[in-house]
1. Pull up region 80-113, narrow it to residues that are among the charged types (D, E, K, R), surrounded by 17 or more Cβ atoms within 10 Å (Cβ to Cβ) and under 16 Å from the mean Cα position of the chain (by Cα), then point me to the one that is nearest to T200 (Cα to Cα).
2. Would you check if there is a residue in region 177-190 being of a type in the set (V, I, T) and either modelled with pLDDT under 95 or under 19 Å from I71 (Cα atoms) (or both)?
3. Confirm whether Y128 is among the hydroxyl-bearing types (S, T, Y) and touching a Lys or Arg at 6+ places or on another chain (Cβ under 7 Å).
4. Mind listing whichever residues of region 167-191 are surrounded by fewer than 23 Cβ atoms within 10 Å (Cβ to Cβ), within 14 Å of H129 (Cβ to Cβ) and touching a strand residue (DSSP E or B) at 6+ places or on another chain (Cβ under 7 Å)?
Amino acid sequence: MLKHIRELEGPMKMNARPLPFALRLFAALLAASASFSLSAPPAAASADSASSAVASFSQASPAPAGPADRIVIEKSRRTLTLFRQDREIKSYRVALGRDPVGPKVQQGDNKTPEGVYFVDYKVRNSIYHRALHLSYPNPDDVERARALGVSPGGSIMIHGMKEDKLWMGDVQYLFNWTNGCIALTNREMEELWDLVSVWTPVEIRP
């Protein structure tokens, strides 16, 4: 846990190099466009598809009462969905590892795992604002890595945004910027923190 409070080494350490100005400008324009689309009247044949996606997920409805009993992450859709008694109660857009296609195999491959895990502990004072630690690697992950003669890695979390990533705002999900973790905005992470308990199962799908 202390590793996550400070700058992390290994699979959880993020790329601290500043992104090019063009990417920052692109994110700012998308965030501004999303904000405008929420206040402007609907227009026929609007081209603001990115804004609509932001509005439908990041500008989310009020948090549902009561905890979630299951989390499903769909990597291909970049979504994290909360369920309670098999009913969907909330969805979020998420960012993944920098090499998102395929399951995590070894430490340092920048991939987000695929499989069934649990939230095994929570980190309130994380350098990524709030964090839910996942029980990666599971037995299948360990066996696959052993067969390849590599370390499966670890420290996979659902977390918020580090201070140097805040410029991405509500469109952070457009940038797969983690080393294998699942990232939400800090506001969304605070909401998730209240809805998810330790030992909640987490299914990560391709």
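The values are calculated or read from the model by the stated rules, or taken from the named source; none is laboratory data. Everything numeric in this text was worked out from a predicted model, so none of it was measured. Note: ideal-geometry Cβ built from the backbone for every residue, glycine included; neighbour counts use all protein chains shown.
1. K90
2. Looking through region 177-190, at least one residue is of a type in the set (V, I, T) and either modelled with pLDDT under 95 or under 19 Å from I71 (Cα atoms) (or both).
3. yes
4. Once the filter is applied, which keeps residues that are surrounded by fewer than 23 Cβ atoms within 10 Å (Cβ to Cβ), within 14 Å of H129 (Cβ to Cβ) and touching a strand residue (DSSP E or B) at 6+ places or on another chain (Cβ under 7 Å), region 167-191 yields N186, M189, E190.
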